[in-house]
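The structure under discussion appears below in the form of structure tokens.
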Amino acid sequence: EAKTSGKNRYHLFNSAFYDAMRARTRREKELRAAIANNEFVMHYQARVDCRTSKVTSLEALVRWNHPLEGVLAPDEFIGLAEETGLILNLGELVIDLVCAQIARWSGGVYASVPVSINVSSRQFNERDIRESIGDALARHGISASSVEIELTESSMVVDPRRTADNLQAIHALGVRLLVDDFGTGYSSLSMLHNMAFDLLKVDKSFTSRLGKDENGDVFFQAIITMAHSLGMRVVAEGVETATQVRILQALGCDELQGFHLFRPVPADELPHSLEVAA
Ligand code: C2E
Ligand code: MG
Ligand code: MG
Ligand code: MG
């Protein structure tokens, strides 16, 4: 009897395992097709100057317009895309979609606003990213100063020397560089100092601690002071309250991004003026 139930459990586990495998394989096929059919759209979330509230930049955030499931957020497919290597093609598609949009904006209010593109670790380490970006800029006839690249700390620790060289090459094009989700990985400010970063985006988990415990403010202040002394501007991400805005202003933060200011929206739903922040 114990033996039987053990065997049943084995079958149960076995079939759950194969179900998961099948679901994953199906998802991978869908994702491959989605890239071929371009089922992706970019949403854009503004970043604002901490003092003037003026829009300084837009972050491009990918969405999958799934034919049956509706709009899927990156958390539902970026991980799989990275594991399967599909991120290399998806990443190229994202760069192309963003550069095409920037070209469309020429002459309008957003012509002077750079757009930052999230680049994943594999895309950065396995592709000639300088060439990908350089080609896209040329193809769409836009200037290097109209794009920024966001890279997380975890993408740098793989091979810091090579990362530094790659970053330098991209920077030489005139593209600004941002560290994304700072504080969640293993990089140190001194390691970042050897890389050509212009801006540091402090992870939203640190923003959410502001005003709640004293250490939250002190920690953020320390990051700002050190980043400034290394010549980097600081962006607080995940700003959700007026209290956080007030504290960040007092701490001397440079830029803010978060639902309290702007939510990510499709290009045609962006505000018509750059002066209308909260
Ligand atoms: P991220 O680059 O750190 O982007 C910020 C995420 O926080 C976005 O989620 C954004 O919608 C969300 N967010 C913005 N303001 C707030 C706020 O006030 N509160 C909270 N709770 N969240 C806020 P999203 O769009 O779901 O993207 C998640 C992650 O997926 C991104 O994190 C980025 O790592 C990745 N991702 C997005 N687009 C791309 C892309 O085109 N390529 C690659 N490789 N990764 C991307
Ligand atoms: Mg980002
Ligand atoms: Mg981030
Ligand atoms: Mg993040």
> Residues of the range 179-203 being at pLDDT 85 or above, more than 16 Å from ligand 4 (Cβ to nearest atom) and under 17 Å from Asp159 (Cβ atoms), which ones?
Replying inline: Met195, Ala196, Phe197
> Do we have any residue at all in the range 126-146 that's within 16 Å of ligand 3 (Cβ to nearest atom) and surrounded by 21 or more Cβ atoms within 10 Å (Cβ to Cβ)?
Replying inline: no
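So that you can scan it fast, the table gives a plain yes or no per residue for (1) touching a residue at least 40 places away in the same chain (Cβ under 8 Å); (2) basic (Lys, Arg); (3) at positive phi:
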site	(1), (2), (3)
Ser205	no, no, no
Arg209	no, yes, no
Asp213	no, no, no
Ile223	yes, no, no
Ile247	no, no, no
Leu251	no, no, no
Asp254	yes, no, no
Gly258	yes, no, yes
Pro266	yes, no, no
>> All but one of (1) more than 14 Å from the chain's Cα centre (by Cα); (2) at negative phi; (3) modelled with pLDDT of 95 or more hold for Gly174; state the number of the condition that does not hold.
In response: (2)
> Which of the residues that make up the range 73-111 are within 16 Å of ligand 4 (Cβ to nearest atom) and not small (Gly, Ala, Ser)?
Replying inline: Pro74, Asp75, Glu76, Phe77, Ile78, Glu82, Ile87, Val94
> Among the residues of the range 208-257, which ones are within 16 Å of ligand 3 (Cβ to nearest atom), assigned to a helix (DSSP H, G or I) and within 22 Å of Val55 (Cβ to Cβ)?
Replying inline: Ala227, Gln244, Leu248
> Residues of the range 235-251 being within 16 Å of ligand 4 (Cβ to nearest atom) and crowded, with 23+ Cβ neighbours inside 10 Å, which ones?
Replying inline: Val235, Ala236, Val239
>> I'm trying to understand the selection: among the residues of the range 53-76, which are more than 14 Å from ligand 3 (Cβ to nearest atom), among the polar types (S, T, N, Q) and at pLDDT 95 or above?
In response: Thr56, Asn65
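The values are calculated or read from the model by the stated rules, or taken from the named source; none is laboratory data. Here the structure is a predicted model, which means the values were calculated and not measured. Note: ideal-geometry Cβ built from the backbone for every residue, glycine included; neighbour counts use all protein chains shown.
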